[in-house]
Amino acid sequence: MKTTIMKKAIILAVALSATKGFAQQDPQYNLYQYNQMVINPAYAGARDAIAIVADVRKQWVSFPGAPTTAVFSVHSPIANNKVGIGLTVLNDKIGSKTVSAGYANFSYILKVNNKTKLAFGARAGYSAYKFNFKDVKYKDTDDAAVADLATANKGTLDVDAGLYLRTNTFYMGLSATHLNNGKVYNGNFQVRDTNGVAKDYSVSYILKPHLFITMGKSFVISENFLFAPSLMVKRVMQKTTVDLNINFFAAKRIWFGVFVRQGFGFGGLCQVYVTNQFRVGYSYDIATGPRKNLGSSHEIMLGFDIKKSKSKMTSPRFL
């Protein structure tokens, strides 16, 4: 069966116009609890140290073209812990789309009382997108004609903002990404079908805001054991999903727990304080139900806190 160029162009338009569907545009993270900078700019300075974190996620490892994400962040409080500054660098690849981005972070930290701090944060940066449909394996060799139209390097300014409330035993965050609705790709092209009839197409890719609400609370079971449930609610284009996490902290060194992600599946995670400054995190999740063919995902995180000489160790009750 012969596929016409026009049909291929329609498929291409749908592929590029991801914002017309309900798929999220931001990377998925499981270890966000241990480094909330990836979803909330108000987290900058929250660890009361120079915090350096590297995170790599390989999603749906058995699925061709599945997402691979690498993110590096560094942040620190300054000005007597009244201000937080930071930097985030991201690389995310899914199929024929690659995103490279860099953001500068700023937060103002308000001391509500002796136990509570409220931070107001914002970040701005540049996201560079590369669409390369030549990487796609087509059944029909004529598809190369359409692929040439879609290979493009584009970019846009990106702005995020958030709030972050914390104590030694509780946190709550509210954040939103892509507040400026950055326009990455907006193009028009014309394709002729096998009968020579011309057809005009318009393709756009616009970043849509992602809203995140996070909340966690630690309960003391014993001197060496804590129970810490947490929740994340995410809303993208009228679609809401919920992550429920059940976490534990043992021997003042090891975080471990399980989570359920609405509409996807479940997984487990852990974080080990190798020293008071160095920590390692790992997460595994697997899809269930209609998405079980996507398989499993892995995520690993390395974190290092450089404490100021007079600062106290970050409370272990605080993720």
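The values are calculated or read from the model by the stated rules, or taken from the named source; none is laboratory data. Since the model is a prediction, treat every value here as computed from it, not as a measurement. Note: ideal-geometry Cβ built from the backbone for every residue, glycine included; neighbour counts use all protein chains shown.
Some observations on this one:
- Qualifying residue in the stretch 56-74 (condition: more than 16 Å from the chain's Cα centre (by Cα) and buried (at least 17 other Cβ atoms within 10 Å of the Cβ)): no
Conditions (1) hydroxyl-bearing (Ser, Thr, Tyr); (2) within 30 Å of Lys115 (Cα to Cα); (3) within 18 Å of the chain's Cα centre (by Cα), marked per residue:
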| site | (1), (2), (3) |
| --- | --- |
| Leu211 | no, yes, yes |
| Glu223 | no, yes, no |
| Leu226 | no, yes, no |
| Ser230 | yes, yes, yes |
| Lys234 | no, yes, yes |
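- Yes/no for Phe189 being surrounded by 13 or more Cβ atoms within 10 Å (Cβ to Cβ), in a strand (DSSP E or B), modelled with pLDDT of 90 or more and of a type in the set (Phe, Trp, Tyr): no
- In the set (1) under 30 Å from Phe170 (Cβ atoms); (2) at pLDDT below 95; (3) among the charged types (D, E, K, R); (4) assigned to a strand (DSSP E or B), Lys130 fails one condition alone, (1).
- Filtered residues of the stretch 23-72 (kept if assigned to a strand (DSSP E or B) and either over 20 Å from His210 (Cβ atoms) or among the β-branched types (Val, Ile, Thr) (or both)): Ile50, Ala51, Ile52, Val53, Ala54, Val56, Lys58, Thr68, Thr69, Val71, Phe72
- Filtering the stretch 242-291 to residues that are more than 20 Å from Ala49 (Cβ to Cβ), outside any strand (DSSP E or B) and either touching a helix residue (DSSP H, G or I) at 6+ places or on another chain (Cβ under 7 Å) or in contact (Cβ under 8 Å) with a residue 12 or more places away in the chain (or both) leaves Ala251, Gln262, Gly263, Phe264, Thr288, Gly289, Arg291.
- Among the residues of the stretch 223-241, those identified as over 16 Å from Phe212 (Cβ atoms), in a strand (DSSP E or B) and touching a residue at least 24 places away in the same chain (Cβ under 8 Å) are Phe225, Leu226, Ala228.
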